[in-house]
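The values are calculated or read from the model by the stated rules, or taken from the named source; none is laboratory data. These numbers were taken from a predicted model, which means no experiment stands behind them. Methodologically, a virtual Cβ is constructed for each residue, glycine included, from the backbone with ideal geometry; neighbour enumeration extends over all protein chains shown. Heavy atoms of the whole protein, side chains included, go into the accessibility calculation; ligands, DNA and RNA do not. Shrake-Rupley method; radii C 1.70, N 1.55, O 1.52, S 1.80 Å.
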Amino acid sequence: MKALNDAHKNEYETKPDIVAKAPGRFHLIGEHSWFFKDKTISMAVNLPVYVAISKRSDSALKFYFHQLNERKKASVASLKYKKEDRWANAIKSVLFGFTSGGYELCGMDFTVYSEILPSAGFGITTAIKCAAALAVKELFGFDCSEVQLLSVLERANRRFLQTNNYIADNYSALFAKKDNLIITDHQKGTWDYVPFSFEDKKIFLIDTKVPRVSVWDEETLFEPQNVLLLGDLRERRNNVYGGWQYISNVTDINEELSVVSEDTRRKLLCIMREHNDLLDAREGLEKVDFFKFARSVNHSHESMRDMYEISCPEIDWILKRVGELEPNLEMITNPVSCGRITGKGFGRCLYAIIRESDAEKFKAKLGEFEKIFQYHPACYEVVPSEGTVIVRD
């Protein structure tokens, strides 16, 4: 906090009136299933983003990102998206979300403080938005409920940034609880919690720094016809979390998906697998059964690699080393570690959950990765953290 306050004061010659903190985030399973109204498991993590604000006496807006040493400008009366404003567009979008909803704002000075830059892909841009949204709400004393704050973010994304509004991103950044994962139900528009109670495990987020290369356009899968096809393959089950699951009858599945190309069929099957993996992962978390949880995570990565086709040799190499931390072949069915590619689109990041005793061995493997592939990965040890909060002195 002192470093942030000092940075804000040095930049604007005044202390911030308010500071908000939002967590980084990654998705464990289901981040590609939102369009099909399935579910996503996410973890808010202790990679915090701070947004400090002080009011101005005019309508000017000034933005400063301390770690980037970058400055941007705008005004309340002319909030426009500018490609060159990059990270500042996240804050401007939130301000638009408020003004387009009838809230009145004055000029403000903003400082963003984050050791992890938005380019890392760990939910940092969403964290900037959520921290800014809560800070503005508190600064002006707006009577703004959770639902209304989510509407601010939706307008920010859809109308200002012209992007999709990923509610799993918003929920995990805003509402996460310490030592818990958050499950988003895209069909109901709700979120739920499940404890993460594996005390002997360490969680690592790795940015491999491998360039993102799209081998196919994910948007081509997001067609209403495909949603209807998967909808027909659901069956109501009162004893299943969320009240439904995909059918398992192979003949019925093949008949239903016979109207699409083989490539689309394979990717839709992957979406179905993802939902089943998610249900298994949640059950493993609920029962504190790491074997079940880990099997579902590893299975999900195999689906992402072989059927959804978004992984790459470098990520697969690291995850193979994760599986080799326990040389006992019996651990294939009862794995003591797990990992998966993470991120919407064609990311370069992965997570690994391993035994505490294997941490140094795993880091040594990353050293081997660096020598073999000539990329310099960034590795962060993380824990499940709380959502967005106002930071009090």
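Looking at (1) touching a Leu at 6+ places or on another chain (Cβ under 7 Å); (2) open to solvent by 30 Å² or more (accessible area, probe 1.4 Å); (3) of a type in the set (Val, Ile, Thr), which is the only condition residue 253 fails?
(2)
Just to be sure before I move on: is residue 339 in contact with a Leu (Cβ under 9 Å, 6 or more places away or on another chain), under 28 Å from residue 246 (Cβ atoms) and either touching a residue at least 40 places away in the same chain (Cβ under 8 Å) or among the small types (Gly, Ala, Ser) (or both) in the structure I sent?
In short, yes.
Can you tell me how many residues in the range 155-174 are open to solvent by 30 Å² or more (accessible area, probe 1.4 Å) and either of a type in the set (A, V, I, L, M, F, W, C) or assigned to a loop (DSSP other than H, G, I, E, B) (or both)?
Looking only at that region, the number is 6.
From 182, 128, grab the single residue that is β-branched (Val, Ile, Thr), outside any strand (DSSP E or B), in contact (Cβ under 8 Å) with a residue 12 or more places away in the chain and touching a strand residue (DSSP E or B) at 6+ places or on another chain (Cβ under 7 Å).
Among 182, 128, only 128 is β-branched (Val, Ile, Thr), outside any strand (DSSP E or B), in contact (Cβ under 8 Å) with a residue 12 or more places away in the chain and touching a strand residue (DSSP E or B) at 6+ places or on another chain (Cβ under 7 Å).
If a residue has to be of a type in the set (S, T, N, Q) and open to solvent by less than 20 Å² (accessible area, probe 1.4 Å) to count, how many in the range 118-147 make the cut?
1
Could you tell me which of the residues 214, 151 is open to solvent by 30 Å² or more (accessible area, probe 1.4 Å), over 27 Å from residue 133 (Cβ atoms) and among the small types (Gly, Ala, Ser)?
Only one candidate qualifies: 214.
Please tell me if residue 24 is at positive phi and either modelled with pLDDT of 95 or more or touching a Phe, Trp or Tyr at 6+ places or on another chain (Cβ under 6 Å) (or both).
So residue 24 does not fit the description; no.
Would you say residue 95 is within 19 Å of the chain's Cα centre (by Cα), open to solvent by less than 30 Å² (accessible area, probe 1.4 Å) and at pLDDT 95 or above?
no
For the range 283-312, how many residues are open to solvent by less than 10 Å² (accessible area, probe 1.4 Å) and of a type in the set (S, T, N, Q)?
Matching residues across the range 283-312 total 3.
Among the candidates 62, 37, 55, 80, which residue alone is within 30 Å of residue 177 (Cβ to Cβ) and open to solvent by 30 Å² or more (accessible area, probe 1.4 Å)?
Result of the check over 62, 37, 55, 80: 37.
Only strands (runs of 3 or more DSSP E) wholly contained in the range 1-102 count here; list those with 1 or more residues that are over 30 Å from residue 297 (Cα atoms) and not hydrophobic (A, V, I, L, M, F, W, C).
In the range 1-102, 39-55, 60-65, 70-75 are the strands (runs of 3 or more DSSP E) which contain 1 or more residues that are over 30 Å from residue 297 (Cα atoms) and not hydrophobic (A, V, I, L, M, F, W, C).
Taking the range 177-187, which residues are under 20 Å from residue 285 (Cβ atoms) and open to solvent by 10 Å² or more (accessible area, probe 1.4 Å)?
Listed by number, the residues that qualify are 177, 178, 179, 180, 185, 186.
Here's the yes/no breakdown for (1) surrounded by fewer than 23 Cβ atoms within 10 Å (Cβ to Cβ); (2) over 20 Å from residue 87 (Cα atoms):
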site: 10; (1), (2): yes, yes
site: 23; (1), (2): no, no
site: 28; (1), (2): no, yes
site: 41; (1), (2): no, yes
site: 51; (1), (2): no, no
